[in-house]
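To start, the structure itself, in structure tokens.
The values are calculated or read from the model by the stated rules, or taken from the named source; none is laboratory data. It should be emphasised that the depicted structure is a prediction, and the values quoted were computed from it without experimental measurement. Note that each Cβ is placed from the backbone with ideal geometry, even for glycine, and that neighbours are counted across all protein chains shown.
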Amino acid sequence: MRTGNHVKTVCTIGEPLVVLVPDELGRLSQVNHFRPYVAGAEVNTAIGLARLGIACSFASGVGNDPFGEKVLRAAREEGVDVAHVQLIDGAQTGVFFKQWSGLQHATSVFYYRSGSAMAVGRWDTGPLEKDLADGAWDWVHVTGITAMISPPAQEAFFRVLKAAKQSGSTVSLDINVRLKLASLSEWKSLAQRVLPYVDWFFTGDEEAMQLFDTKDSKQLEQIFRGQGFEGEGVVVKEGADGAVACVGGVVTRVPAFEVRSVVDTVGAGDGFNAGFIAGMLRDMPFQEALRLGCLVGAYAVTSAGDYAGYPTLPEVAAVWQGKEEAPR
Ligand code: KDG
């Protein structure tokens, strides 16, 4: 039984990757230098939570190769518990490349992950399912990406999602549509299938439009309730316009934080999730939890790595007190 002093814990589950980020703008075929960063929506959220002082585990399967080791080191260095990260012999860690091109320097990604440990079904979810069933974590966070990596990854995804739901943990899911992984109709069907198992459904406004023809959080909640959703609510991330949530028909909106210049928006949504979950676990007023999500998202866009810019607790405290920069 949990006591009043129980420290609330989170587990995020998914595939981490190494991303090769070009040192220059333009076509990938003409780029000469790249920097490797650790990435992946769920490990990003785990790191965001750890930076906010939340005890967080990350569960995954990676290759027992240099990139798997890099992921493990990065997560450990950030204070994330990696007891549930399997380093799998003879398997590979997924990789992707970023490209900034065109008049708007639009970001595109090129995946090399179809042979990764999770994609080829080498990830053994048994130990994780056991801990999930034992209710090891207060909150479990997943994303739709895991289900779209491959058919074996989708089976693993639903096994852990169901175990998390049955354990009574709060379950959040960010649909995180990636059209390079599956078609829009496959994403629509996934979004429906997950609804009975999640307490919080996170989505970006653009992907909500793609999937449900609306980004209105109230309408989304109504649609979901008609399709088996019995969870808490829906959170819609609107980037530079902030975020809006609907819980039992009650809509809460918060504005975004202004940033001087946007370096790269990838990772902002995962950061938002970390801030929101941390706020909820700290029993912050709901609007403040959304605001904390927006703050982590804003910090994220100030740097090139997915999570490099995520703030620490002193930085958050400084903003909350109305000071722009944290004392160094
Ligand atoms: O949200 C950031 C992620 O999209 C990025 O790190 C890569 O997880 C990733 C993916 O599978 O696309």
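General remarks:
- The residues of the range 295-314 that are away from the ligand (no atom under 16 Å from the Cβ) and under 15 Å from A274 (Cα atoms), listed by number, are L295, P311, T312, L313.
- Any chance R76 is over 30 Å from R282 (Cα atoms) and among the basic types (K, R): no
- Near pairs, Cβ below 8 angstrom, 6+ apart or cross-chain, from the range 111-134 (touching a residue at least 24 places away in the same chain (Cβ under 8 Å)) to any residue that is assigned to a loop (DSSP other than H, G, I, E, B) and β-branched (V, I, T): R113/I149; S116/T93; S116/I149; A117/T93; M118/I149; A119/I149
- Note on the range 255-265: residues that are without any contact (Cβ under 8 Å) to a residue 60 or more places away in the chain and either within 27 Å of V21 (Cβ to Cβ) or buried (at least 22 other Cβ atoms within 10 Å of the Cβ) (or both) total 7.
- For the range 1-19, a residue qualifies if it is away from the ligand (no atom under 11 Å from the Cβ) and either among the polar types (S, T, N, Q) or modelled with pLDDT of 95 or more (or both), and the qualifying residues are T3, N5, T9, V10, C11, T12, I13.
- Search result, residues across the range 213-239 that are closer than 29 Å to E258 by Cβ and among the hydrophobic types (A, V, I, L, M, F, W, C): L220, V234, V235, V236
- Among the candidates R51, R122, R73, residue that is over 18 Å from the mean Cα position of the chain (by Cα), crowded, with 18+ Cβ neighbours inside 10 Å, modelled with pLDDT of 95 or more and of a type outside the set (S, T, Y): R122
- G79 being surrounded by 17 or more Cβ atoms within 10 Å (Cβ to Cβ) and either under 21 Å from the mean Cα position of the chain (by Cα) or under 24 Å from I277 (Cα atoms) (or both): no
- Residue match in the range 24-36 (condition: away from the ligand (no atom under 12 Å from the Cβ), under 21 Å from the mean Cα position of the chain (by Cα) and not in a loop (DSSP other than H, G, I, E, B)): yes
- Single residue of A274, A240, A268, A289 found to be under 17 Å from the mean Cα position of the chain (by Cα) and either farther than 18 Å from D174 by Cβ or in contact (Cβ under 8 Å) with a residue 60 or more places away in the chain (or both): A274
- Checklist (1) buried (at least 24 other Cβ atoms within 10 Å of the Cβ); (2) over 19 Å from I277 (Cα atoms); (3) among the aromatic types (F, W, Y) applied to F96, failing item: (1)
- In the range 316-326, the count of residues that are of a type outside the set (A, V, I, L, M, F, W, C), in a helix (DSSP H, G or I), surrounded by fewer than 21 Cβ atoms within 10 Å (Cβ to Cβ) and without any contact (Cβ under 8 Å) to a residue 24 or more places away in the chain is zero.
- Of all residues making up the range 125-182, the number that are modelled with pLDDT of 95 or more, of a type in the set (S, T, Y) and more than 16 Å from the ligand (Cβ to nearest atom): 3
- You will find that of I88, I145, I149, the residue that is over 26 Å from F202 (Cβ atoms), of a type in the set (V, I, T) and buried (at least 18 other Cβ atoms within 10 Å of the Cβ) is I88 and no other.
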